[in-house]
Amino acid sequence: MQASAQRFFWFAAIAAAVACGVAAQCMSVAQIGTPAPRPPLPVPGVTYVSATYDGQTDHSLFYFNLFGFGDRIRSARTLVIGSSHAEFGIYAEQFGPTAFNMALGGGEGLTFATALLRKYRPRPSLVVVDSYGPDEGLSTEGARTLSSTPTSSLQYVLNVWSGFLRDWLLQGLLPRLTIGPHALSWEPPLRSAVIRNWYSADVTMFYSGRLGEVFADPTKATPIQPIHMRPSIPPSPDDLAAILEVAAETVVTTVPYPEFDLALGRKMAEDLRGRFVEIAPGELRFFDFHHVNASSRAIVTKELLKPQR
């Protein structure tokens, strides 16, 4: 009798769980449509999760030499420095096997790059600098990292990575519900993620929970419509000095974005005693209305690799 009651309980519990899951999935599809298929799971030693809605791991990985990222900065023969426009827009691997893309998103300027350069004292033969205009010092993520410890930063990185794995497993099974002040928000569990190469830190994928992979998909690109009107905030003299301290040769460019400022790039090249490479926006395409996609990154990098005339 007791065994029969237990079987009935577990059968009812499993049936209720399945019914709730089916109901949630039906409501999710009705609210947000069918979510994009899961992306390939990043494999440590090949690729890594750079950023999700839970946070950004690059600052911690780079600054505290987690998993050898700082060593790769220290030994790089070519360093790419800049904002997310250089992160997505310059292909460091094309400069050689020991090139490293040190560019950072999240509104980061050159101040955090300065901290990395002065910590690791690399001696690259070439530094490629992107002159994204509104350099307002440390980003929120940069300030958090510099006030952290190696242990807390490792925990932070592992939390972001485990959160990605959780959302990856739930993608297509259950929605993400956010309770707002006036309504529920329905979203895919894995809303977005940036994946980068383990060794060069080049971006390999930008994944959207609704659209799937968008960085390398030319069908999801949009033309650039530049407006040269945005007032720029140049980097500080201290940030420029940190680059001059380590760079044997400097190349400055401005990866196009709406309202990009070529004058700032030219001035930075002059201050860094380097050369400026102008990138024409005509053939370039955005994947998110602000950053160039993978095919445009190849065009930008090809221009940077052309020999000086």
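The values are calculated or read from the model by the stated rules, or taken from the named source; none is laboratory data. A quick note: this is a predicted structure, and the numbers were derived from the prediction, not measured. Here the Cβ positions follow ideal geometry from the backbone for every residue, glycine too, while neighbour counts run over all protein chains shown. Note: accessible area is taken over every heavy atom of the protein model, side chains too, but ligands, DNA and RNA are not part of it. Shrake-Rupley method; radii C 1.70, N 1.55, O 1.52, S 1.80 Å.
The residues on offer are 285, 297, 210, and the sole one that is under 30 Å from residue 192 (Cβ atoms), touching a Phe, Trp or Tyr at 6+ places or on another chain (Cβ under 6 Å), in contact (Cβ under 8 Å) with a residue 12 or more places away in the chain and basic (Lys, Arg) is 297. Test residue 241 against the stated conditions and say whether it is in contact with a Ser or Thr (Cβ under 9 Å, 6 or more places away or on another chain), under 26 Å from residue 121 (Cβ atoms) and without any contact (Cβ under 8 Å) to a residue 12 or more places away in the chain. The answer is yes for residue 241. Counting only residues that are among the aliphatic types (A, V, I, L, M) and in contact with a strand residue (DSSP E or B) (Cβ under 7 Å, 6 or more places away or on another chain), the stretch 111-162 holds 6 of them. Would you say residue 145 is out of contact with any helix residue (DSSP H, G or I) (no Cβ under 6 Å at 6 or more places or on another chain) and over 20 Å from residue 192 (Cβ atoms)? Judged against the criteria, residue 145 is not a match. Would you please name the residue that is nearest to residue 119 (Cα to Cα), looking only at residues in the stretch 23-50 that are modelled with pLDDT of 85 or more and open to solvent by less than 20 Å² (accessible area, probe 1.4 Å)? If we take residues in the stretch 23-50 being modelled with pLDDT of 85 or more and open to solvent by less than 20 Å² (accessible area, probe 1.4 Å), then 50 is nearest to residue 119 (Cα to Cα).
Residues of the stretch 290-309 that are open to solvent by less than 50 Å² (accessible area, probe 1.4 Å), under 19 Å from residue 214 (Cβ atoms) and not small (Gly, Ala, Ser): 291, 292, 293, 297, 300.
What's the number of the condition residue 133 fails, among (1) surrounded by fewer than 18 Cβ atoms within 10 Å (Cβ to Cβ); (2) modelled with pLDDT under 95? It is condition (1) that residue 133 fails.
If you check residue 75 against the conditions, is it open to solvent by less than 30 Å² (accessible area, probe 1.4 Å), under 29 Å from residue 291 (Cβ atoms), at pLDDT 95 or above and of a type in the set (Ser, Thr, Tyr)? No: the conditions fail for residue 75. Candidates are the residues of the stretch 117-141 that are farther than 20 Å from residue 253 by Cβ and in a helix (DSSP H, G or I); the one that is nearest to the chain's Cα centre (by Cα) is 141.
Taking strands (runs of 3 or more DSSP E) as the structural unit, those lying wholly within the stretch 194-289 and holding at least 2 residues that are surrounded by 16 or more Cβ atoms within 10 Å (Cβ to Cβ) and not aliphatic (A, V, I, L, M) correspond to 203-208, 250-253.
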